[in-house]
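Peer 1: I have a structure here, written as structure tokens, and I will follow up with some questions on it.
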Amino acid sequence: MKNIVKISYRNLMRNSRRTLLTTSLITIGVLFVLLYGALSNSFKSYMVGQITDSMLGHIQIHKKGYIASVDNLPLDKNLNQKQVEKITKILDENENIESYTFRIKMGAVFSNYVSSTNIRLNAIDPKREKSTLPLFSSRIKDSHKDILKKGEILIPELLAKGMGVKKGDSIVLVANNKKGSVNGMNFKVAGVIEPITGPGGRDGYFHIEDARKILRIKEVEVSEIVIRLKDVDKIKQTMEMLKPLNEMKNQKDKPALEIHSWTKLSPFYNIVKMLDLMSLSIKVILISIVLISILNVMIMSVYERIKEIGTIAAMGTPPKTIIKLFLTEGLMLGVLGSFIGIIVSFIVVYATNAIGITYSFGRQSDLVLHPTLQLGDIVNISIIVIVISLIASISPAIKAANLNPVDALRQN
Amino acid sequence: MIKANNLQKSYQMGEINLEVIKNLSLVINEGEFISIVGPSGSGKSTLLNMLGCLDKPTSGEISVDGQDITSMNKTQLANFRGEKIGFIFQSFNLIPVLSVYENIEYPLIMIQNLEENERKKRVFELLSEVGMSDQANKFPNQISGGQRQRVAIARALVTSPKIVFADEPTANLDSKTSYQVIDLMRKMHKEHNTTFIFATHDEKIVSMVNRIVTIVDGEITDDKRISK
């Protein structure tokens, strides 16, 4: 094998300019695929992290029909005490679940004593919210250890700007409960919360006990249960494990609950799918580049060396060895191209991180890209290039091995 | 060593059936230094290719070293050639990316798969016999035509073949170099008792051989043994 590699290498170096050109094409292809993967992964993981770790969690449980009317923030579609107890029992027994939190989602009128506006609110248990959504507190400007106490409210940044309200100010919330009666309460602004992309990304927050008071709720009642998993990759498995919840029936003997993963709740998942599709398209382009360039070089190589192939065949080189010689040449082009491509990708990714490229998405701006090359991507691309290099070399190699030595020796 | 019986070779060129070898029978014994001569297009190269296991007859039988080669498949023929036969070509046909040493070593690695020490021993012996020891590390484009043919002779003999086929081995060489190469082949023939079969027009070779087989239009018209 060592000698096959030696002869193949020298044959490639025989036409070094052509080898360099083909290798460069493969290098550029590998670079684009790896770079695109690193950038889109950086974007995806940041955005998905933001969405799941600061707002949606990994899985949410609602009363059946809640999601369909979520824009109205219906209070008559909350989970009752009995349901919450049953659900928490199942959640506590599930080993995949790290933590979960309860929320009451509602709308209210927000007043700064001068003017008023509507506000969407999440009533939360701050401790549970913090452990279920580890990035939640990072969204609060000037946050302190106790992110939210009773009698306090976190208001969305845009509303704070629009209403001229800042941390420490007093405000009034006026809300209707599900029976229609109106109630109002004073709150102190505990902080301003930054917006994020996705549903609920521009909501305000206050304490769940305060929500019970303002809505005059006596029993346990929650709009949604947000679940955080120990391993985000186990969403499907956990959804399967939570199937008993789907079997819970209401009084009409219809399913009482609905369980959704974040991928169903956030429209960003469609962007993720689109990015993945684009990644696949770029891989297809890479495959085409490798296939066409190596096929071209190998076909040329066979035609240029017909007499030489005839000579080694006449001397008794078995057809298998001739095939190996040409496959090795194609393989070396692929390996060399992908190796240089990986090295260049590392350099470009390092440079991108050093420069610190920023971007805006939705209402979020100055987000910094932190591309990283994933080992899985590198291995994946290397395997694709190597396999395609071999596939591209098979036909010319077989052609070389099948040459009739007499005809081949006649060529000039 | 070689027995060819009722050989016939024809090519279909459109509607025309071109018969190149016609019912030819020939026996070549071990250790012969034989030349197949004849005008251009007489079929001598075709005969040489068939006897050298590179091509198969349309009909007839060929046995080389006691083995029927007409029934062998492509891989069996390749293995047989690698083991028993050496070739010397008109235009030397050295592998340009390999050095002189590596060209001679090629059949020992790629075909016979010998150990490195054994390869080294055989290659250096042959290099010395053909007087090319000092050129071992040069590449084919760095040596003269005569030197290239010497390397080709060494490459043909390095596997210790029973038979060496040489198709117009001196056609690309000047007269002086041709004599040197012919002398070398004679020397190798004597030293190794290898059967040499030439297809040539070259009078210089014809005058050196001990048997001349003349072919005209695919048939043997004369088979002359010359005692030296």
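Peer 1: List the residues, sorted by chain then number, that are 5 or more residues from A:Lys64 or on another chain and whose placed amide H is less than 5 Å from its amide H.
Peer 2: Distant-sequence amide H within range of A:Lys64: A:Leu257, A:Glu258.
Peer 1: Turning to a different aspect of this structure: In angstroms, what radius of gyration and Dmax does the stretch A:103-174 have, counting Cα atoms only?
Peer 2: According to the Cα coordinates of the stretch A:103-174, Rg and Dmax are 12.5, 37 Å.
Peer 1: Another question, if that's okay. Of A:Gln374, A:Val114, A:Gly341, whose Cα points farthest to the positive end of the dipole of the protein assembly as shown (charges on the beta-carbon: +1 Lys, Arg; -1 Asp, Glu; origin at the Cα centre)?
Peer 2: A:Val114
Peer 1: Within the stretch B:72-101, find all residues whose amide N lies under 15 Å from a label point positioned 7 Å from the Cα of A:Arg14 along Cα-to-beta-carbon.
Peer 2: Hits in the stretch B:72-101 for A:Arg14 at 15 Å: B:92-100.
Peer 1: Okay, next question. I need to check one value: relative contact order of chain B, counting alpha carbon pairs closer than 8 Å and at least 6 residues apart, in percent.
Peer 2: 29
Peer 1: Give the longest segment of chain B that steers clear of GluC sites (Glu not before Pro) in DSSP loops with at most 15 neighbouring Cβ atoms within 10 Å, not counting the sites themselves. It would help to have the intermediate numbers written out before the result.
Peer 2: On the way: sites that count: B:Glu15, B:Glu30, B:Glu115.
Value returned for the longest uninterrupted segment is B:116-228.
Peer 1: Given a Förster radius of 25 Å and the C-beta distance between A:Lys64 and A:Leu158 as r, what FRET efficiency does 1/(1 + (r/R0)^6) yield to the nearest 0.05? It would help to have the intermediate numbers written out before the result.
Peer 2: Values: r = 33 Å, r/R0 = 1.30.
The pair A:Lys64/A:Leu158 has a calculated efficiency of 0.15.
Peer 1: Got the relative contact order for the stretch A:127-264 handy, in percent, Cα pairs under 8 Å and 6 or more residues apart?
Peer 2: That works out to 23 percent.
Peer 1: Which of the residues in the stretch B:148-165 lose at least 10 Å² of accessible area when you go from the chain alone to all protein chains together (probe 1.4 Å)?
Peer 2: Hits at the 10 Å² cut-off: B:Arg155.
Peer 1: Still on this model: Going toward the positive end of the dipole of the stretch A:161-250, with +1 on Lys and Arg Cβ and -1 on Asp and Glu Cβ, which of A:Thr238, A:Val182, A:Tyr205 do you reach last?
Peer 2: Working it through, the farthest residue towards the positive pole turns out to be A:Val182.
Peer 1: So, one more: Using only helices, what value at 222 nm comes out for chain A when you add -39,500 (n - 2.57) per DSSP H run of length 4 or more and divide by the total residues, to the nearest 500 deg cm²/dmol?
Peer 2: Counting only the DSSP helices, I get -17500 deg cm²/dmol.
Peer 1: Something else now. Using 0.36 nm per residue of separation minus the Cα-Cα distance, give me the extension gain between A:Leu21 and A:Glu304 in nm, one decimal.
Peer 2: The span from A:Leu21 to A:Glu304 would gain 100.1 nm if fully extended.
Peer 1: Another question, then. Round to the nearest 10 and report in Å² the accessible area of A:His207, as given by a 1.4 Å probe over the protein chains' heavy atoms.
Peer 2: Estimated to the nearest 10 Å², A:His207 gives 30 Å².
Peer 1: In the stretch A:315-336, which residues give up 40 Å² or more of accessible area once the other protein chains are added, compared with their chain alone (1.4 Å probe)?
Peer 2: A:Met315, A:Gly316, A:Pro318, A:Pro319
Peer 1: Excluding ligands, DNA and RNA, what is the accessible area buried between chains A and B, summed over both sides, using a 1.4 Å probe, to the nearest 100 Å²? Display every interim value, and only then the final one.
Peer 2: Numbers: alone 21180 and 10920 Å², together 29860 Å².
Chain pair A/B: roughly 2200 Å² of buried accessible area.
Peer 1: Along the stretch A:100-113, what does the Karplus equation 6.51 cos²θ - 1.76 cosθ + 1.60 (θ = phi - 60°) give for ³J(HN,Hα), rounded to whole Hz, x for Gly and Pro?
Peer 2: Result, rounded to whole Hz: 8, 9, 10, 9, 10, 9, 7, x, 8, 9, 10, 10, 9, 6.
Peer 1: Now, a different point. Taking the Cα centre of the stretch A:298-400 as the origin, how large is its charge dipole in debye, to the nearest 20, when only Lys and Arg (+1) and Asp and Glu (-1) carry charge on their Cβ atoms?
Peer 2: 320
Peer 1: Taking the Cα centre of the stretch A:65-255 as origin, work out the dipole magnitude from +1 charges on Lys and Arg Cβ and -1 charges on Asp and Glu Cβ, in debye rounded to 20.
Peer 2: Values: 34 positive and 26 negative charges, 88 e Å.
It works out to roughly 420 debye.
Peer 1: Still on this structure, please answer the following. Give me the distance in nm between label points sitting 7 Å out from Cα along the Cα-to-Cβ direction at B:Asn117 and B:Lys3, one decimal.
Peer 2: If labels sit at B:Asn117 and B:Lys3, their model points lie 4.2 nm apart.
Peer 1: Still on this model: For the stretch B:53-76, state which residues have at least 50 Å² less accessible area in the presence of all protein chains than in their chain by itself, taking the probe as 1.4 Å and leaving out ligands, DNA and RNA.
Peer 2: B:Leu54, B:Lys74
Peer 1: Per the Cauchy relation, a quarter of the hull surface: what is the mean projected area of the convex hull of the alpha carbons in the protein assembly as shown, in nm²?
Peer 2: Numbers: hull surface 172.5 nm².
Mean projected area for the protein assembly as shown: 43.1 nm², to one decimal.
Peer 1: Put +1 on the Cβ of each Lys and Arg and -1 on the Cβ of each Asp and Glu in the protein assembly as shown; which of A:Val406, A:Gly49, B:Val181 then has its Cα farthest toward the positive end of the dipole?
Peer 2: A:Gly49
Peer 1: Hey, another quick one. Do me a favour and compute the ellipsoid semi-axes for chain B from its Cα gyration tensor, root of five times each eigenvalue, largest one first, whole Å. List each step's numbers first, then the result.
Peer 2: On the way: eigenvalues 172, 81, 54 Å².
So the three semi-axes of chain B are 29, 20, 16 Å.
Peer 1: If you don't mind, there's one more thing I want to ask. Give, rounded to the nearest 20 debye, the magnitude of the charge dipole that chain A has about its Cα centre when Lys and Arg contribute +1 at Cβ and Asp and Glu contribute -1 at Cβ.
Peer 2: The dipole of chain A has a size of about 300 debye.
Peer 1: What's the local net charge at B:Val158, with K and R +1, D and E -1, over the other residues with C-beta under 15 Å away?
Peer 2: Surrounding charge for B:Val158 is 0.
Peer 1: Take every Cα pair under 8 Å in chain A that's 6+ residues apart, average their separations, divide by the length, and report that relative contact order as a whole percent.
Peer 2: Details: 679 pairs, mean separation 106.5, N = 412.
The normalised contact order for chain A reaches 26 percent.
Peer 1: List the equivalent ellipsoid semi-axes of the stretch A:65-255 in whole Å, largest first, each obtained as the square root of 5λ for an eigenvalue λ of the Cα gyration tensor.
Peer 2: Ellipsoid semi-axes (Å, largest first): 30, 20, 14.
Peer 1: How much length is gained if the chain between A:Ile343 and A:Ser170 is pulled fully straight, taking 0.36 nm per residue apart and subtracting their Cα-Cα distance, in nm to one decimal? If you can, show how the numbers build up before the last one.
Peer 2: Values: separation 173, 0.36 × 173 = 62.28 nm, distance 5.75 nm.
My answer for the length gained is 56.5 nm.
Peer 1: A further question follows. Below 12 angstrom from the Cβ of A:Asp276, what's the summed charge of the other residues (Lys, Arg +1; Asp, Glu -1)? Spell out each step's value before the answer.
Peer 2: Working: positive: A:Lys44, A:Lys273, A:Lys283; negative: none.
Local charge sum for A:Asp276: +3.
Peer 1: Ignoring ligands, DNA and RNA, what percent of the 1.4 Å accessible area of the stretch A:65-255 is carbon and sulfur?
Peer 2: Ligands and nucleic acids excluded, carbon and sulfur give 48 percent.
Peer 1: Along the stretch B:121-127, what does the Karplus equation 6.51 cos²θ - 1.76 cosθ + 1.60 (θ = phi - 60°) give for ³J(HN,Hα), rounded to whole Hz, x for Gly and Pro?
Peer 2: Once rounded to whole Hz, the list reads 4, 5, 5, 5, 4, 5, 4.
Peer 1: Let me ask something else. Can you compute the FRET efficiency between A:Thr358 and B:Gln142 using 1/(1 + (r/R0)^6), with r the Cβ-Cβ distance and R0 = 41 Å? Round to the nearest 0.05.
Peer 2: Efficiency for this residue pair is about 0.10.
Peer 1: Let me ask something additional. To the nearest 10 square angstrom, what accessible area does B:Ile163 show with a 1.4 Å probe?
Peer 2: In the full protein context, B:Ile163 sits at about 0 Å².
Peer 1: Here is a follow-up. Over the protein assembly as shown, with the other protein chains present, what is the accessible area per residue in square angstrom, probe 1.4 angstrom?
Peer 2: For the protein assembly as shown, the per-residue accessible area is 47 Å².
Peer 1: Please compare each pair in A:Lys105/A:Lys166; A:Lys167/A:Lys264; A:Lys127/A:Lys213 to a cut-off of 25 Å on the Cα-Cα distance and tell me which ones are over it.
Peer 2: From the list (A:Lys105/A:Lys166; A:Lys167/A:Lys264; A:Lys127/A:Lys213), the Cα-Cα distance tops 25 Å for A:Lys167/A:Lys264.
Peer 1: Same structure, new question: Could you check the simple spin-label distance between B:Asn193 and A:Asn380, using points 7 Å along Cα→Cβ, in nm with one decimal?
Peer 2: 6.8
Peer 1: What percent antiparallel are the DSSP beta bridges of the protein assembly as shown, to the nearest 5?
Peer 2: About 70 percent, rounded to the nearest 5.
The values are calculated or read from the model by the stated rules, or taken from the named source; none is laboratory data. Remember, it's a predicted structure, so these values are computed and weren't measured experimentally. For neighbour counting, all protein chains shown are included, and Cβ atoms are generated from backbone atoms with ideal geometry for every residue, glycine included. The protein model used for the area step is the full one, side chains on, heavy atoms only, and it has no ligands, DNA or RNA in it. Shrake-Rupley method; radii C 1.70, N 1.55, O 1.52, S 1.80 Å.
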